[in-house]
Structure formats: structure tokens, C-alpha cells
Amino acid sequence: MNHFSVTRALFDEVMVPNYAPAAVVPVRGEGSRLWDQEGRDYIDFAGGIAVTGLGHAHPKLVAALVEQAQKLWHVSNVLTNEPALKLARALCELTFAQRVFFANSGAEANEAALKLARKYAADHFGPDKREIIAFTPSFHGRTLFTVAVGGQPKYTQGFEPLPPGITHVPFNDLAALAETISDHTCAVILEPILGESGVVSATPEFLQEARKLCDRHRALLIFDEVQSGNGRTGSLYAYMGYGVTPDILTTAKGLGGGFPISAMLTTSPIANSLNVGSHGTTYGGNPLGCAVAGAALELLSDPGLLAGVRHKHETFMSGLHRINERLGVFRELRGKGLLLGCELIEPWQGRSRDFVKVALEQGLLVLVAGPDVIRLAPSLIIPDELIEEGLNRFERAIARLLSQTVPANEELAHAAR
Ligand SMILES: *Cc1c(COP(=O)(O)O)cnc(C)c1O
């Protein structure tokens, strides 16, 4: 037997130091609550970074996982399996897609999408159509290709040389896109709503025009809906809310409700460029993941659930505005559905992590979206009582931070007291 205590301190002894997790270690979750090793409870407005869209330990997901676990775990892609085929069929019925590729993470789904776009261009237009256009800021994952496409120096520095053929233009800047796109462009990839990079929504015109520009230059339009998908914005996929259909869509986070699975969706003519042997993954389409995602998708595609997301958006927004009337720390409150961003006023910019820390002390989990924005991505079925209790904790946390700290602007700190 092992004789050591499993605490946060152990992390520093045994884990690669690429994360800085909080001091508490959760051991159990149910719905929108988590409990740590000491039995303290936390209200979850973070959702495991927009993953647990149906809360923790949803009975239907648990049942799907247990049932599948007793039947068949893994067969590899040498064989297919029932849960994968059922999930692919459901995704095709619910979206524009005619073909589906499964992987295990958002980055892998994007890797597949980007490789497919290059391959499709090579198959149909020859070797001069290789350029990928992406936007700043954006985030598409942590493989070498996806950090290069994401284009954030903090994620690429030291990992060079990076894959070439990637150009960046400012997000929502139509003129810059129009100027940059050409017949050498094979794909334009974007997040309809920037997740990690501040919870900024694409303007409808930006997506509509991006669609037209891609059509004109025969470039594929890829929507990275790893974060915005699976009901998060109040539409099953954000593209549906915009009425702009991509050629390839990637999704992950909410798809498995916490079980690792991702998908790349596309049409059959495009899919044909990934012919036998051209791309693959050992675990993609794994029966366990697909069984859980199948159960999740059935719940997430329910119009009642999606209407609930839009309703809860209003509940959150009015609560956050009330907090701001009293404490005045937010410059803007924004987002769609239950992907919400609270941008800090200038004196507090750069300090979003401090808010996460004080919230945790008050028993509330929230996220950052860059240094200036606090991000909320709760369960899509969080009960109204927990929204209220969580917002109370949020207000207490912010009040405490304001009373403890002197921000850059002394006058504002004084006003807050
Ligand atoms: C989280 C995220 C990714 C990366 O997903 P992983 O599962 O961490 O690889 C890619 N794109 C977007 C928009 C994301 O939010």
C-alpha cells in the first residue's frame, strides 16, 4: 500500500509544473456543487472550463457510462462500434454535417480540421493553396499546429520552429480579412465567440462576410466550436444562432459533459479528402466516450433546455448588473447563453486571477478569460437558487477584495470603501 497523503502539496512533487491548481482538491460533485477533501462546498460557475454543461454526475450520463462500461470499452478503429455510429448519426441529424470524425480533445479536432483543409485544397486545387487565416486573439489548442494557428506568443515561444503558412488578422476586422484572403487561402478558422480570449462575440456581419469571402476564394470556413458548442450559447451550436454555416465545425468541451471526446463535423465532399489511412487516432470514437456523449447530446439538443439557457443568461446578467451597481468593478458584462464575460474596469485590469482566488475563498468557482475578464461557464441546467447563491458569494468575494486591496487608482479604491 502507498503511505502518503494526497494533498495539493503532492502536485508539486509529482506533476510537471505546467499548471498552478488552487490549494483545494475537489473529491465529489453533484449538479452545480463540488466538495473538497475537507467537505467544504463550492458552487460551480466554471463548469470545468465550459465542459460540464449538464453539471456533475448527471444521472443519465452516469447511467450511459456504467451501462457501456459493462459491455465494451475499446475496440480501436480496426472495428467500428454502436455508440460511435449512433452519436455520428445524431450529430448529422442535428447539424449541417454529413460526416463526422471523432477524437479526444479540442486540439485534436482542430488538428484534424486544419489537416483536412490542407488536404482538400491539395486534392482539388493543387500545391499553391496552403495558407490558413486565423485571428488575433484566438485559441485553438496546444498542439504545435494549433498553437501556431492560435498565434499567441505566450503559447508558441520556445517551441519554434512553427508550422508555416499561417496568417493572422484582427478578430472582427472585416477589412483586414478581405485584404488578406486570396486564392492561396485554403481555410479561415475562427471561434464564433472567443472563449479563452475574453468572451468576445463575432459580429453577425463578420461571420456573414467571412462566409462570402471564403466562397469567393474557394477557401473552407472552419468554426472552432470547442467551447461555444453543445448548447453553451443557447443554440445547440453557435453557428445556428448566427445563421452562418461553416464547412467544418469542431467541438469538444461540452460534448462529453466531462468525458473526453471531441468531434469534427463536415460535409461528405470535403470529408472525402480524408481517405483511408490519411488520418487517425487510437481512442477517437471510443465506445465509452461516444455512449456518454450520445446521452449528453440527447439532453443538450432539447429545445426546452436551450430555452432555459437563454433564460438563465438573463438571470445571470441582471444579477451581475446589480452587483456592479453596488461595487462598480465591471466595465462591460457580455457573452451569449451561459458563456459570460465580466470585463474589469481599468484600475483592476490585469488582475482577473485575484477575483478567481477570492471567489474560491467564498466557495465559488469562476474562471478567467485573459487578465482583464472574469469568465462564467456554469452548468446549462444550474437551478435558479444556485445562481442566486453563487452570485451572493461572488458579491461577497468582490467586496472583500475591494476592501483588502489598493488598486492602481487610489481614488476608486476609496470610493469602493
Ligand atoms: C479549450 C479549447 C480548445 C482546446 O481544447 P482541448 O480539449 O484543451 O485540446 C480549442 N479551441 C477552443 C475554442 C477552446 O475553447
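Against the criterion of being closer than 30 Å to His58 by Cα, within 15 Å of the ligand (Cβ to nearest atom) and in a loop (DSSP other than H, G, I, E, B), Ser228 qualifies. Filtering the stretch 10-35 to residues that are surrounded by 10 or more Cβ atoms within 10 Å (Cβ to Cβ) and of a type in the set (A, V, I, L, M) leaves Leu10, Met15, Ala22, Ala23, Val24, Val25, Val27, Leu34. I'd like to know if the stretch 108-130 contains one or more residues that are open to solvent by 20 Å² or more (accessible area, probe 1.4 Å), within 12 Å of the ligand (Cβ to nearest atom) and assigned by TED's automatic domain parsing to the domain that holds Glu160. Scanning the stretch 108-130 turns up at least one residue that is open to solvent by 20 Å² or more (accessible area, probe 1.4 Å), within 12 Å of the ligand (Cβ to nearest atom) and assigned by TED's automatic domain parsing to the domain that holds Glu160. Of the residues making up the stretch 82-94, none is part of a loop (DSSP other than H, G, I, E, B) and surrounded by fewer than 22 Cβ atoms within 10 Å (Cβ to Cβ).
Is there a residue being touching a His at 6+ places or on another chain (Cβ under 8 Å) and not assigned by TED's automatic domain parsing to the domain that holds Leu367 anywhere in the stretch 260-272? No, the conditions are met nowhere in the stretch 260-272. Of all residues in the stretch 255-281, those satisfying the criterion of being within 16 Å of the ligand (Cβ to nearest atom) and closer than 27 Å to Leu221 by Cα are Leu255, Gly256, Gly257, Pro260, Ile261, Ser262, Ala263, Met264, Leu265, Thr281.
Pairing residues of the stretch 194-209 that are charged (D, E, K, R) with residues that are assigned to a helix (DSSP H, G or I), at Cβ distances under 6 Å and at least 6 apart in sequence or on separate chains, gives Glu209/Leu174. Among the candidates Asp128, Asp123, the residue that is in contact with a His (Cβ under 8 Å, 6 or more places away or on another chain) and either part of a loop (DSSP other than H, G, I, E, B) or acidic (Asp, Glu) (or both) is uniquely Asp128. Of all residues in the stretch 36-46, at least one satisfies being under 20 Å from Glu388 (Cβ atoms), part of a strand (DSSP E or B) and open to solvent by 40 Å² or more (accessible area, probe 1.4 Å). Assessment of the stretch 56-77 against the conditions (open to solvent by 50 Å² or more (accessible area, probe 1.4 Å) and at pLDDT below 95) yields at least one matching residue.
So which residues in the stretch 281-311 are outside any helix (DSSP H, G or I) and closer than 18 Å to Ala252 by Cβ? Thr281, Thr282, Tyr283, Gly284, Gly285, Asn286, Ser301, listed by residue number. Which one of Ser197, Ser182 is of a type outside the set (A, V, I, L, M), surrounded by fewer than 23 Cβ atoms within 10 Å (Cβ to Cβ), on the phi < 0 side of the Ramachandran plot and more than 22 Å from the chain's Cα centre (by Cα)? Checking each option against the conditions leaves just Ser182. Restricting Leu288, Leu297 to those that are open to solvent by 10 Å² or more (accessible area, probe 1.4 Å) and under 18 Å from Phe101 (Cβ atoms) reduces the list to Leu288.
The combined condition, being part of a strand (DSSP E or B) and open to solvent by 50 Å² or more (accessible area, probe 1.4 Å), is fulfilled by His168. When each of Gly335, Gly319, Gly328 is tested for being open to solvent by 30 Å² or more (accessible area, probe 1.4 Å) and either under 26 Å from Glu191 (Cβ atoms) or in contact (Cβ under 8 Å) with a residue 40 or more places away in the chain (or both), the lone residue that passes is Gly328.
Quick check on Gly234: is it within 15 Å of the ligand (Cβ to nearest atom) and open to solvent by less than 10 Å² (accessible area, probe 1.4 Å)?
It is false that Gly234 is within 15 Å of the ligand (Cβ to nearest atom) and open to solvent by less than 10 Å² (accessible area, probe 1.4 Å).
Considering Ala20, Ala88, the condition of being over 17 Å from Leu380 (Cβ atoms) and outside the structural domain of Gly294 (by TED's automatic domain parsing) is satisfied by Ala20 alone.
The values are calculated or read from the model by the stated rules, or taken from the named source; none is laboratory data. The shown structure was predicted, so the numbers you read here are calculated from the model rather than taken from an experiment. Positions of Cβ are generated from backbone atoms using ideal geometry, with glycine treated the same way; all protein chains shown enter the neighbour counts. All accessible areas refer to the heavy atoms of the entire protein, side chains included, with ligands and DNA or RNA removed. Shrake-Rupley method; radii C 1.70, N 1.55, O 1.52, S 1.80 Å.
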